[in-house]
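As structure tokens, the structure follows; a few thoughts come after it.
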Amino acid sequence: MSERTQVGIVGAGPAGLVLGHLLHLRGIDSVILEDRDRDYVEKRVRAGVLEQGTVDLLTEMGVGGRLQREGLVHHGVELRFDRRGHRIPFDELTGGCGITIYGQQEVVKDLIAARLETGRPLLFEVDDVRPEGLDTDRPTLRFRHGGDERELRCDFIAGCDGFHGVCRDAVPDGVLTRHERAYPFGWLGILAEVAPSSEELIYCHHDRGFALHSMRSPELTRLYLQCEPDEPIESWPDERIWEELHARFESEGWALKEGPIVEKGVTPMRSFVAEPMQHGRLFLAGDAVHIVPATGAKGLNLAVADVRVLADGLSRWFSNQDDTLLRSYSEQCLGRVWHAQYFAWWMTQLLHRMPDDGDGFQTKLQRAQLSHVVSSRAAATALAENYVGLRR
Ligand SMILES: Cc1cc2nc3c(=O)[nH]c(=O)nc-3n(C[C@H](O)[C@H](O)[C@H](O)COP(=O)(O)OP(=O)(O)OC[C@H]3O[C@@H](n4cnc5c(N)ncnc54)[C@H](O)[C@@H]3O)c2cc1C
């Protein structure tokens, strides 16, 4: 079966769904292809910190209703080390800015509902997606769906299929330059059915390793522990997780609340950028083309920022065949991407225990940096400005 659309979008994560909706609002057709089922995509627990720019865009797009009602607005975070907490007041340091805590799976649910309401195609459980003809002006997506072999002829393809997707690898050898760093640790993340123990996020530096206290709602706490990058989750029964969390977060007058663990998993920490973010009629966006360590809370926000630029470029092309914005897509996005890489790397090296730190030299440097950040307004402002969001 052969069909046609203006933009073929691979992946129904935040990047693909936001792009599909922005194009819809501008009267541009798209078909979104997703290899997982709807239930899986809507329940996948990942990021949860939204920059103001992301919140504003979702609201302008008309998908921010529940986000406005249920999102938790935060105006600061705590840095905890040597068993003492130090608040970084974002609003005071950045002229009133903050962040919103709203789970990525909730963003995805809202976007899927909005997509289905438009009546435009969103196909779940597609198999074997093959982007072809990227160097021509009629690129094609071949795939299988419901047992049928299908062909989708497009004007453009958007590769929004995450780090393990197929679009990046469809670019011919030698076109992309890949920059990659794998960190010698990962994060063990849990979701617990218990009210958060603090109103704001706590980034904790400890001799036993980094820990993060976050939340998804007034009833759900999200907690992370630094662990080995390939740590088998079976070696972390619930009791061991709580014991380790209590040890790292210990601070006078503060207690960590426990509750049933409803989700747990290990995520490796990686920095990755492939550039340019475009080849022929294929445009790569979000995790398909860059990964940042989660310490800076930038992954989801970067994905949304990419497709905002892409939607503007496509819109200009479809209205008058002007490709000026499309030609500068990669360059426009990469400035922000590298800035986010820098910030995420900086937060990561500041807060994690370094496994190769034999004589404790790096730990001493980390303590000196942390003391500087919490005692110098200029240093705290740099952290706050980066955390609440990079300018467009
Ligand atoms: C386990 C985990 C935890 C994370 N935690 C945080 C965090 O705490 N804070 C933070 O800021 N960021 C976090 N991130 C990063 C953040 O979630 C991502 O940056 C964000 O999801 C990027 O959105 P995306 O749409 O580009 O990619 P994705 O969300 O990965 O979406 C890609 C979509 O494409 C689909 N797909 C893949 N291959 C194919 C194919 N061949 N055909 C069709 N569809 C395909 C996938 O199923 C998926 O739905 C985390 C990421 C992971 C993996």
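Computed with the Debye formula from one identical point scatterer per Cα of the chain, without solvent, the log10 of I(q)/I(0) at q = 0.10, 0.12, 0.15 Å⁻¹ comes to -0.67, -0.95, -1.38. Converting the Cα gyration tensor eigenvalues of the range 54-167 into ellipsoid dimensions via √(5λ) gives semi-axes, longest first, of 40, 18, 14 Å. Listed values for the range 346-356 are Karplus-derived 3J(HN,Hα) couplings in whole Hz (6.51 cos²θ - 1.76 cosθ + 1.60, θ = phi - 60°), namely 4, 4, 5, 6, 6, 10, 8, 6, 8, x, 9, and x replaces Gly and Pro.
Taking all protein chains as present, what is the carbon and sulfur share of the accessible area of the chain, in % to the nearest whole number, probe 1.4 Å? If you can, show how the numbers build up before the last one.
Working: 8010 of 16940 Å².
Here carbon and sulfur together make up 47 percent of the probe-accessible area.
Remark: the chain carries 43 Å² of accessible area per residue (probe radius 1.4 Å; ligands, DNA and RNA excluded).
The Cα atoms of the range 161-220 give a gyration tensor whose axes a ≥ b ≥ c have a/c of 1.5 or more with a/b greater than b/c, which makes the shape prolate. Axis of helix 299-320 versus longest Cα principal axis of the chain: the two differ by about 20°, to the nearest ten degrees.
Using a Gaussian network model of the chain in which every pair of alpha carbons under 10 angstrom is joined by a spring, one finds that among Tyr102, Tyr203, Tyr40 the greatest mean-square fluctuation is at Tyr40. For the range 252-392, the alpha carbon convex hull comes to 183 Å³ per residue, rounded to a whole number. Length, then width, then depth: along the principal axes, the Cα atoms of the range 66-116 run 49, 26, 14 Å. Look at the alpha carbon pairs under 8 Å that are at least 6 residues apart: their mean separation over the length of the chain gives a relative contact order of 20 percent. Among Ser197, Ser214, Ser376, the residue with the largest mean-square fluctuation in a Gaussian network model of the chain, with springs joining Cα atoms closer than 10 Å, is Ser376. The largest accessible area among Asp306, Asp137 belongs to the first residue in Asp137, Asp306, and the rest follow in falling order (1.4 Å probe, all chains). In the elastic network of the chain, a GNM with C-alpha springs shorter than 10 Å, the most mobile of Glu70, Glu239, Glu199 is Glu239.
For Leu72, Leu383, give me the order by solvent-accessible area with a 1.4 Å probe, most accessible first, ignoring ligands, DNA and RNA.
On the way: Leu72 45, Leu383 5 Å².
Per-residue accessible area, sorted high to low, gives Leu72, Leu383.
Could you check how many percent of all C-alpha pairs in the range 120-213 are farther apart than 16 Å? Percent of Cα pairs beyond 16 Å in the range 120-213: 73.
The mean sequence distance of close C-alpha pairs (under 8 Å, at least 6 residues apart), as a share of the length of the range 17-108, puts its relative contact order at 34 percent. Ligands, DNA and RNA excluded, the heavy atoms of Trp187 present near 10 Å² of accessible surface to a 1.4 Å solvent probe. Please compute the contact order of the range 301-345 in relative form: average sequence separation of alpha-carbon pairs under 8 Å and at least six residues apart, divided by the residue count, as a percent. It rounds to 39 percent for the range 301-345.
Restricted to Cα atoms, the range 115-156 shows a radius of gyration and a Dmax of 11.7, 34 angstrom. Strictly greater than 14 Å: what percent of every Cα pair in the range 175-256 meets that? Tail of P(r) above 14 Å: 66 percent of Cα pairs. To the nearest 10, the accessible area of Cys333 is 10 Å² with a 1.4 Å probe.
The values are calculated or read from the model by the stated rules, or taken from the named source; none is laboratory data. Everything numeric in this text was worked out from a predicted model, so none of it was measured. Calculation scope for accessible area: heavy atoms of the full protein, side chains included, ligands and nucleic acids excluded. Shrake-Rupley method; radii C 1.70, N 1.55, O 1.52, S 1.80 Å.
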